[in-house]
């Protein structure tokens, strides 16, 4: 299944995968060997922790490889609709908010990077300047108006 990314978002995944392969996994293998050398594996907490960490690292590597293989890079294009990699300014319940629409892996609400798959992001996608809609979260209804798209 295709996963949509910006160039920066895909590069971030590639960098994380490289870090796992070249640094984290080799470190973990050394840790397992060191812990195993301490003796009795049944009651060796360090060994079991290192093995669990290895499982997590390998699972994360598989997730990253899958995402990278299924990646579709969306370039910023000139459009009058909200799309991935655009900047959108909205009026959210009377307050101006500005967001960059990104893939879920890049989302960071503290940096105003909004996932296109988030509840608000989904409602914003493919709308135009001037569009208004209601957004409901935790039993609270808010009015949203799109002010600009860049």
Mind checking which residues of segment 49-75 are closer than 30 Å to residue 27 by Cα and assigned to a loop (DSSP other than H, G, I, E, B)? 70
Residues of segment 76-98 that turn out to be touching a strand residue (DSSP E or B) at 6+ places or on another chain (Cβ under 9 Å), part of a strand (DSSP E or B) and loosely packed, with under 13 Cβ neighbours inside 10 Å, as a count: 1
Note down all Cβ pairs under 7 Å where the first residue falls in segment 125-139 and is touching a residue at least 12 places away in the same chain (Cβ under 8 Å), the second is loosely packed, with under 10 Cβ neighbours inside 10 Å and in a strand (DSSP E or B), and they're at least six residues apart or on different chains. none
If only one of 63, 52 is surrounded by fewer than 16 Cβ atoms within 10 Å (Cβ to Cβ), within 30 Å of residue 116 (Cα to Cα) and outside the structural domain of residue 116 (by TED's automatic domain parsing), which one is it? 63
If we scan segment 52-75, do we find a residue that is out of contact with any strand residue (DSSP E or B) (no Cβ under 7 Å at 6 or more places or on another chain), closer than 30 Å to residue 135 by Cα and touching a residue at least 40 places away in the same chain (Cβ under 8 Å)? yes
I'd like the full set of residues that are within 30 Å of residue 3 (Cα to Cα) and touching a residue at least 12 places away in the same chain (Cβ under 8 Å), limited to segment 18-51. 20, 21, 24, 25, 28
What do you reckon, is residue 13 buried (at least 17 other Cβ atoms within 10 Å of the Cβ) and closer than 29 Å to residue 106 by Cα? yes
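The values are calculated or read from the model by the stated rules, or taken from the named source; none is laboratory data. Given the structure is predicted, the values throughout are model-derived calculations rather than measurements. Neighbour counts are summed over all protein chains in view; Cβ atoms, including those assigned to glycine, are modelled from backbone coordinates with ideal geometry.
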